[in-house]
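Data block below; observations after.
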Amino acid sequence: MSKLSRVRIGWGTPPVSDGSWWLWLFCLYRRYPDGVRGPDPLHPLTKKAGVACLQLSVRGLLAWTFALGLIAYFGGALALLRWYERMPHNRVSYADLVVPARWSQVSALRGQATIVEAYGDLKAGNFQPGFAKLRFGLARNPADAKARLDLARIYVAIRLRPLAERTVLDAFEHGYPGKQFVRDAFALMAESDHPEQSLLFCKKARATAVEARTLSADLRLIDEMHARTLLEAGRSAEALALVRLHLPAEDEFARDVQVQHLLATKAFDEAVRAVEDWLTQAPGSKEALRLSVRVYREAGRFAEMQEALKRLQTRMGAGPEFASYKVVQHALAAQRVETNAAIEDFLFRYGASPRNLQLLVSLLGDIGQTEAILRVEQDARERGFDPARIRLSRLQALIVARDWREASALADVLSRSKERLTPGEIVLLQTLTFLVQSCLDGASGAKASLLKAITERPGAMKLYRTVIEALLSAGQARTALAVLSFGEGPFPDSRYLTEVRSRVTAQIATEEATEQAAVVRKEEPVTLPDLPALLQSVERLANAGQREEALTLIRRHRRAAPAFFPEKSHELARWEVRLPAEAGDLSQLQLNLRAHLKTGALTSDEVLTLARGWHKAGHTASAHLTVRELLRRDPGHQEALKTWSEWMPKPDPVQPDAADETAGAGAVSAADGR
């Protein structure tokens, strides 16, 4: 350092002659070169003697930097807290902002606040903001199992089941969500009739539960759900291997699966021995006694079945549930005398309650026992009860029995007293009435009304199964295909719909071949010279309202001259989706949409614009199917998702318990009845 240096840097704050320290940071003083006390040699005009100098303290600088940093840190956290507190339902505290170990919780806390705000909007009927906030809040707080399940239920309500399933499965990426979530989410997954997704759910649930070292009761629940899914999918051998891996051989559920596997493989003698061994070791087991009734019935050993029913009654006690179970078992065994006797006994003991009568007829309706339901209806009228709900069950039984004329007469009777039914039952009655009319005479008006009813009020998988099978049995395969296309909206991966599509298309092909064989074929018209000429002809036919003829013209040219068409014809692709959309031919629309989206002849944005136009023009079914196809292809398409949520009814997922309990009770009753 030069002798004449005016700035010095040091560590501490030592005493300095002719100077003083300010803020423990710097010191101003005068220095005299060579000890001469006179004018400044560097600045001779300066009147003051000596040289003005500055000394800085590194220690003071560090201390001030640290102090100001602390002030900025805590002050900034306070300012940020004040900003968070302006938001409703804030969960972030001052400690969350200043303690580094808690910074990772801030995003989750903000998500909790957003979720609470979302529930408030949904309860107030503000669906769009509530739906958006629920998704945003779950993205920030993915561990909220209740919000995740409610969001999945909303997706199901607006017919976006694939997104619902993905939302449920993503729960296991953030730890084990708890036993209640697993039970409720599995029920939601099982509704889709897609065993592979349900099995994937069980595998993920078990792996996460094991990693979290959860209770053995949770693992048992998951294993039971897994095994039941395998049994329902017809994979009883895998179910048996699963329970043998995770449960002891003497476990009741493991024995149950073993017996069901033997029944599935038609090994009735082995099943009888297995269930009798079980009863020898556990003579008071209610599950063993219940299963023994089924085993003896399927094995054709009705005397043993009767004895098993008596033992089960002793174990369960008398009551309408067991009495109805007894009626159903005799009916399934085709024991007419015993069935009638069991019905008379039920009516004598429990017929004084309309609820008990409804319990019995709902089970009898599932297996098509029309005469038995008629006897219950007669007893209800004699007691002065309203028979409307019993008649609705008889209508369902007549449809199962394919007795269209009797079903049509009963539907007319019910339509005159439908004010005694609940709104849900009225919707079901209207749908079944249109179904019966379609199967009875095939009237186009009835079929159009049936499709409209299913579009506006989609039901459970059971409804689609009932309608499709009834239409196929009545030779209405084209209408069945349209219903199937609607069903693929709420149930896109349904095992039943996938299997029945091949039957439907085969029956349609057979009908078309029969029609063509009965008509003398005319000579095929000459194809047009080029694509512009074809487009002009298509436009002319469409403007004249001849949409089917326009589609036939395109199909004929595709068959006759496939090289005539370029790989991606934008205008032709628009016509091939527009014509079936406006004609209401949903199966053809779905086929053309998938083909043109795959080749790139139409983009997702173009198709969405077309769908909005169709919806505005009143072609709602075509618009709905189009947006579903877009979301099936690209679940993250935000504009399509927004449009879909605007079109769908506004559900309230906050209080789903009542509906769930009703559905669960019905499922249990049906299962017990079998």
Qualifying residue in region 620-636 (condition: assigned to a loop (DSSP other than H, G, I, E, B), out of contact with any helix residue (DSSP H, G or I) (no Cβ under 7 Å at 6 or more places or on another chain) and open to solvent by 10 Å² or more (accessible area, probe 1.4 Å)): yes
Subset of region 208-231 [under 26 Å from residue 265 (Cα atoms) and open to solvent by 60 Å² or more (accessible area, probe 1.4 Å)]: 220, 228
Output for region 232-245, where each listed residue is surrounded by fewer than 18 Cβ atoms within 10 Å (Cβ to Cβ) and not basic (Lys, Arg): 232, 233, 234, 237, 238, 241, 245
Tally of residues being in a helix (DSSP H, G or I) and farther than 22 Å from residue 645 by Cβ across region 590-616: 7
Residue within region 475-484 that is crowded, with 18+ Cβ neighbours inside 10 Å, more than 27 Å from the chain's Cα centre (by Cα) and within 21 Å of residue 412 (Cβ to Cβ) present: yes
Single residue of region 107-130 satisfying the filter (under 23 Å from the mean Cα position of the chain (by Cα) and outside any helix (DSSP H, G or I)) that is surrounded by the fewest Cβ atoms within 10 Å (Cβ to Cβ): 125
Any chance residue 455 is open to solvent by 10 Å² or more (accessible area, probe 1.4 Å), under 30 Å from residue 189 (Cβ atoms) and of a type in the set (Ser, Thr, Tyr): yes
Any hit, region 256-264, residues being modelled with pLDDT of 90 or more and surrounded by fewer than 16 Cβ atoms within 10 Å (Cβ to Cβ): no
Test: residue in region 152-163 that is open to solvent by 30 Å² or more (accessible area, probe 1.4 Å) and modelled with pLDDT of 90 or more: yes
Helices (runs of 4 or more DSSP H) contained entirely in region 325-414, each with at least 1 residues that are farther than 29 Å from residue 474 by Cα and open to solvent by 10 Å² or more (accessible area, probe 1.4 Å): 336-350, 354-366, 370-382
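Quick grid of which residues meet (1) over 22 Å from residue 170 (Cα atoms); (2) in a helix (DSSP H, G or I); (3) among the β-branched types (Val, Ile, Thr):
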| position | (1), (2), (3) |
| --- | --- |
| 200 | no, yes, no |
| 203 | no, yes, no |
| 219 | no, yes, no |
| 222 | no, yes, yes |
| 231 | yes, yes, no |
| 243 | yes, yes, yes |
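The values are calculated or read from the model by the stated rules, or taken from the named source; none is laboratory data. All of these numbers come straight from a predicted model, not from anything done at the bench. Methodologically, a virtual Cβ is constructed for each residue, glycine included, from the backbone with ideal geometry; neighbour enumeration extends over all protein chains shown. Remember, those area values only see protein heavy atoms, side chains included, never the ligands or the DNA or RNA. Shrake-Rupley method; radii C 1.70, N 1.55, O 1.52, S 1.80 Å.
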